[in-house]
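Report on the following structure.
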Amino acid sequence: MSLAEYADRNRLHRVGARPSLPRYLADAWGRRDFAIAMAKYKIEASNQRNRLGMLWIFIKPTLNALLYGAIFGILQGASRPENFPMYVVIGVFLFEFFSTSMNNGAKSITGNGALVQSLAFPRITLPVSTVIQQLMTLVPMLGVMVVYILLLGAPITVEWLLMIPLVAVFTMFNLGVALIGARLTVHVRDLTQLLPLFTRILFYTSGVLFSIETILASHPWAIALFDYHPLHEVLSIARGALMPGVDYDPMYWLYFSVWSVAVFVAGVLFFWSAEERYGRVD
Amino acid sequence: MAESTKTGVDLANQDASANGRKPVVVVDDLHVKYRVYAGGKPVKGTGRSLLKRSGGGIREVHALKGVSFTAYENESIGVIGSNGSGKSTLMRTLVGLTPPSDGAVYASARPNLLGVGAALIPDLSGEKNIQLGGLALGFSKQEINGLRDDIVQFAELEEFIDLPMRTYSSGMQARLKFAIAASKQHEILIVDEALAVGDQRFRKRSEARIREIRENAGTVFLVSHSMKSILDTCSRVIWINKGVLQMDGDPKEVVDAYQETKK
């Protein structure tokens with residue numbers, strides 16, 4: 001009889017073995033208070049020593065929007081989209097939610113080495129907590145965004161309520177991306193170096209600052225491709241909902257929901273299947 | 001294959017020595033290897049040439065080389081060995097934090113390390129860190145509210161609990177971390193004696209608290225460099241040397257043999 005059989009005969013379980021998926025998700029659900037508390041306290045801690053404190057949550061993206069707006073406003077001249085300031089504010093603020101989720105999500109395991117090495121809990125709690133943190137940052141940002149849009153002259157409409165389901169679906173998408181990123185950087189740390197580049201590529205290809213339809217007017221096949229670009233879909237829907245006189249293809253809701261569910265499910269499975277690997281220090 | 005026959009023989013002995021006691025932890029031929037990116041040149045004369053390194057300066061550290069033993073209910077097992085012998089790796093593998101490269105650990109319940117430091121955030125107040133640390137240990141919010149006063153009192157931080165933890169002295173921080181970690185009871189517990197912290201008075205109190213936790217836990221592993229506390233509290237001692245289980249048995253015999261090599 002081997003030791004393994006001996007252990008089995010005495011009803012001992014292998015320590016650190018990956019639980020089944022339903023069990024794993026139930027365990028993670030049991031740790032939801034931990035994920036939320038960690039998100040809340042990290043926001044508090046990161047701004048605590050700045051004089052302007054929490055205000056930085058608004059100031060940073062506002063300055064970003066101003067800078068990008070000024071540069072790309074001048075560069076694009078007459079070909080810039082209508083209501084350009086609104087266009088940029090919506091684009092920059094929503095893209096920020098995606099890029100911080102992806103970047104911080106990707107570092108959520110590798111950046112918490114000491115925690116992963118000392119306490120046992122479902123590791124999915126870490127990327128989830130990161131995305132919760134970004135969502136908690138996004139909600140007041142959306143408030144500020146709405147104020148800016150009102151100041152820029154947009155009327156309040158019922159359509160604005162569409163932002164609520166949009167943010168919900170967007171969060172699911174970002175969580176999926178964060179989960180995939182979190183596991184990939186565990187295997188290949190070097191990816192962290194490429195993340196800023198990758199973020200920038202997405203930034204310039206999602207139509208954050210310019211209208212894809214105008215820029216690529218002479219290549220209709222390329223515009224057709226952008227119907228399936230998830231970030232382009234989010235920004236189009238948000239602009240359609242918030243800005244006066246902007247329309248979007250209602251099919252974008254379907255496309256983006258399919259994207260989100262697919263990325264989320266893939267992310268959970270991909271992350272869960274390497275659960276035993278995250279504690280290793282190499 | 002010769003390996004497995006050997007474990008088979010060991011097992012027969014173990015079964016005999018078990019006397020019907022219930023095993024709670026079985027460690028089966030445990031290997032742990034770390035792959036480390038080595039910087040600089042290896043020390044001359046260690047016999048490691050460039051060829052032996054597996055490309056790109058990656059060196060493999062074989063921290064545990066086939067450790068096997070069985071721990072039974074209500075045993076108090078001391079773990080000794082010099083620095084770098086693999087004690088901490090063994091303990092981290094026991095709790096499932098470091099995955100083994102080969103072999104496995106089986107247990108009746110998940111073993112736990114006593115410690116919570118890594119979950120805390122220095123920029124937050126002691127109060128909030130109690131919340132965060134408690135949640136990290138798996139307590140519910142209600143349970144933490146019930147434990148809060150005891151933790152603050154034990155850490156002797158009543159006056160400072162609303163200040164950021166980074167403003168605490170290192171002793172105060174260590175006290176808070178210990179007080180949070182020590183609030184939880186475990187079935188199989190691993191205690192690193194280096195946890196007894198602070199000034200002499202607090203050290204006495206934390207040692208007493210560790211003893212209390214140990215008495216309430218089912219099975220305890222005690223990692224310590226103090227042979228006195230090992231002999232005082234343990235019913236069995238395991239000696240790890242260079243990643244190999246050197247000796248396992250009666251505390252007095254093992255500690256004597258260990259100290260013999262230190263002379």
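The values are calculated or read from the model by the stated rules, or taken from the named source; none is laboratory data. Note that the structure is a prediction, hence the values are computed from the model and not measured. Note that each Cβ is placed from the backbone with ideal geometry, even for glycine, and that neighbours are counted across all protein chains shown. Surface areas here come from the heavy atoms of the whole protein model, side chains and all, with no ligands, DNA or RNA. Shrake-Rupley method; radii C 1.70, N 1.55, O 1.52, S 1.80 Å.
Remarks
- Scan of the stretch B:136-168 for residues that are among the hydrophobic types (A, V, I, L, M, F, W, C), touching a residue at least 40 places away in the same chain (Cβ under 8 Å) and either surrounded by fewer than 18 Cβ atoms within 10 Å (Cβ to Cβ) or assigned to a helix (DSSP H, G or I) (or both), ordered by number: B:Leu137, B:Phe154, B:Met165
- Filtering the stretch A:1-44 to residues that are farther than 30 Å from A:Ser101 by Cβ, open to solvent by 50 Å² or more (accessible area, probe 1.4 Å) and in a helix (DSSP H, G or I) leaves A:Glu5, A:Asp8, A:Arg9.
- The criterion of being within 14 Å of another protein chain (Cβ to nearest Cβ), within 25 Å of the chain's Cα centre (by Cα), open to solvent by less than 20 Å² (accessible area, probe 1.4 Å) and closer than 30 Å to A:Leu12 by Cβ holds for B:Gly133.
- Among the residues of the stretch B:83-100, the ones that are of a type in the set (Ser, Thr, Tyr), in a loop (DSSP other than H, G, I, E, B) and closer than 13 Å to B:Val244 by Cβ come to 1 in all.
- Qualifying residues in the stretch B:52-75 (those that are open to solvent by less than 30 Å² (accessible area, probe 1.4 Å) and not in a strand (DSSP E or B)) - the one modelled with the lowest pLDDT: B:Gly57
- Of all residues in the stretch B:238-250, none are out of contact with any Phe, Trp or Tyr (no Cβ under 6 Å at 6 or more places or on another chain) and within 30 Å of B:Gly146 (Cβ to Cβ).
- For the stretch A:248-282, a residue qualifies if it is in a loop (DSSP other than H, G, I, E, B), more than 14 Å from chain B (Cβ to nearest Cβ) and either closer than 23 Å to A:Glu96 by Cα or open to solvent by less than 20 Å² (accessible area, probe 1.4 Å) (or both), and exactly one does: A:Tyr248.
- Conditions (1) more than 22 Å from the chain's Cα centre (by Cα); (2) open to solvent by less than 60 Å² (accessible area, probe 1.4 Å); number of the one not met by A:Val146: (1)
- Within the stretch B:241-263, restricting attention to residues that are outside any helix (DSSP H, G or I) and among the aliphatic types (A, V, I, L, M), the residue that is surrounded by the most Cβ atoms within 10 Å (Cβ to Cβ) is B:Leu245.
- So B:Ala104, is it in a helix (DSSP H, G or I), surrounded by fewer than 23 Cβ atoms within 10 Å (Cβ to Cβ) and at the interface with chain A (Cβ under 7 Å from one of its Cβ atoms): no
- Residues of the stretch A:45-61 satisfying the condition of being basic (Lys, Arg) and in a loop (DSSP other than H, G, I, E, B): A:Arg49, A:Arg51
- Qualifying position, being at pLDDT 90 or above, buried (at least 16 other Cβ atoms within 10 Å of the Cβ), aliphatic (A, V, I, L, M) and within 24 Å of A:Leu242 (Cα to Cα), among A:Ile90, A:Ile109, A:Ile164, A:Ile124: A:Ile90
- Checking B:Ser101, B:Ser85 one by one, the residue that is more than 23 Å from A:Ala120 (Cβ to Cβ) and at pLDDT below 90 is B:Ser85 and no other.
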